[in-house]
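Beneath this line is the structure, given in structure tokens, with notes to follow.
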Amino acid sequence: MKVTKLVSTCDIKDCPTIYATDRGTLLVQGETPTDHGLRIPSHEALVEIPMELIQKAVRDNLI
């Protein structure tokens, strides 16, 4: 899979980030919350990202 960084909240590698793949999908890097109370299948995961990351991606016409 080819991954391209679209937008991040900082310039280092450990910040919330949105990536595009050559599969036509997005990868989202963020915190893994544990206090959500949801039942998530074992093959899936939740990540939490700041709203400003989505706003920045939309504002910059990246997604």
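The values are calculated or read from the model by the stated rules, or taken from the named source; none is laboratory data. As the structure is a computational prediction, the values presented were derived from the model and not from experiment. All Cβ positions, even for glycine, are placed from backbone atoms using ideal geometry, and neighbour counts span all protein chains on display. Surface accessibility is based on the protein's heavy atoms, side chains included, excluding ligands, DNA and RNA. Shrake-Rupley method; radii C 1.70, N 1.55, O 1.52, S 1.80 Å.
The label-point distance for Val3 and Glu48, in a model that sets each label 7 Å from Cα toward Cβ, rounds to 2.2 nm. Can you give the helix-only mean residue ellipticity at 222 nm for the chain, where every DSSP H stretch with n ≥ 4 adds -39500 (n - 2.57) and the sum goes over all residues, rounded to the nearest 500 deg cm²/dmol? Theoretical 222 nm ellipticity from helices: -4000 deg cm²/dmol.
Would you mind calculating the gained length between Ile40 and Leu27 on full extension (0.36 nm times residue separation, minus the Cα-Cα distance), in nm to one decimal?
The Ile40-Leu27 span can extend by a further 2.9 nm.
Of all accessible surface on the chain at a 1.4 Å probe, what whole percent is carbon and sulfur?
51 percent
The shape of the chain can be summarised by an equivalent ellipsoid whose semi-axes, obtained from the alpha carbon gyration tensor, come to 21, 15, 11 Å from longest to shortest. Normalised by the number of residues in the chain, the mean separation of alpha-carbon contacts (under 8 Å, six or more apart) gives a relative contact order of 29 percent.
Per residue, the accessible area of the chain comes to 81 Å² when a 1.4 Å probe rolls over the protein heavy atoms. Put a plus charge on the Cβ of each Lys and Arg, a minus charge on the Cβ of each Asp and Glu, and nothing anywhere else: the dipole of the chain about its Cα centre is then about 260 debye.
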